[in-house]
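The next block holds one structure in the form of structure tokens; read it before the comments.
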Amino acid sequence: MLFYLSLVAFLSLLVMLTYRYRAFITPHLPERVKTMFPKLNHYTPVATFSDQISRGLTSDQFDIEANVRDGDSRLGLDESGTQEVLEIMRRERVNFDQARLIRQNRILARNGIDPSGMPLDSKAITHL
């Protein structure tokens, strides 16, 4: 009985470690295994600041070009955020700064805050 319990514990640990470090393991898998499990290939590289500048994600108020000039060590902006901003720019035909404002207002609304920064909760104390 103790043998089977130890075996189950070991296999559980192995599964948890494999799941935790899957990003490091999947590049070393054979192509045949990767094609059998397409969800393993969900990694896409982050775009660099130069790529994001070429897609129009810069302005006078949000100057990414200054990051490139100053030798910023970061890879680039958050990919999901940039995709959302690009989608807003395309769908609503607005410039980069307006799309960033629309995205920020949506995030605030999801968290119960109006565009002025005041909470929408009627029980919130905003002054004493």
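Just one of the listed residues (Thr58, Thr35, Thr48) is of a type in the set (Val, Ile, Thr) and open to solvent by 70 Å² or more (accessible area, probe 1.4 Å), and it is Thr35. Filtering Ser80, Ser122, Ser59, Ser73 for residues that are over 14 Å from Phe49 (Cα atoms) and assigned to a loop (DSSP other than H, G, I, E, B) leaves a single hit, Ser122.
Scan the range 102-114 for residues that are assigned to a loop (DSSP other than H, G, I, E, B) and surrounded by 11 or more Cβ atoms within 10 Å (Cβ to Cβ) and report the count.
Of the residues in the range 102-114, 1 are assigned to a loop (DSSP other than H, G, I, E, B) and surrounded by 11 or more Cβ atoms within 10 Å (Cβ to Cβ).
Contact map, the range 83-108: first residue among the acidic types (Asp, Glu), second residue not in a helix (DSSP H, G or I), Cβ cut-off under 6 Å, separation 6 or more or different chains; pairs are Asp97/Ser59; Asp97/Gln61.
Conditions (1) out of contact with any Pro (no Cβ under 6 Å at 6 or more places or on another chain); (2) aromatic (Phe, Trp, Tyr); (3) within 30 Å of Leu120 (Cβ to Cβ), marked per residue:
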site: Phe24; (1), (2), (3): yes, yes, no
site: Ser73; (1), (2), (3): yes, no, no
site: Gly76; (1), (2), (3): yes, no, no
site: Arg90; (1), (2), (3): yes, no, yes
site: Val94; (1), (2), (3): yes, no, yes
site: Ala99; (1), (2), (3): yes, no, yes
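Cβ-Cβ contacts under 7 Å between residues 6 or more apart (or on different chains), taken from a first residue in the range 48-63 that is farther than 13 Å from Leu86 by Cα to a second residue that is among the basic types (Lys, Arg) and open to solvent by 70 Å² or more (accessible area, probe 1.4 Å), are listed as Phe62/Arg100.
Filter the range 78-101 down to residues that are within 10 Å of the chain's Cα centre (by Cα) and among the small types (Gly, Ala, Ser) and give me whichever is surrounded by the most Cβ atoms within 10 Å (Cβ to Cβ). Ranking the candidates gives Gly81 first.
Residue selection: Arg69 satisfies the criterion of being at pLDDT 80 or above, farther than 24 Å from Leu14 by Cβ and either open to solvent by less than 80 Å² (accessible area, probe 1.4 Å) or of a type outside the set (A, V, I, L, M) (or both).
The values are calculated or read from the model by the stated rules, or taken from the named source; none is laboratory data. Predicted model only: the values in this text are computed from it and were never measured. Every residue, glycine as well, gets a Cβ built from its backbone with ideal geometry; the counts of neighbours run over all protein chains shown. Ligands, DNA and RNA are stripped out before the accessible areas are found, and what is left, the full protein with its side chains, is counted by its heavy atoms. Shrake-Rupley method; radii C 1.70, N 1.55, O 1.52, S 1.80 Å.
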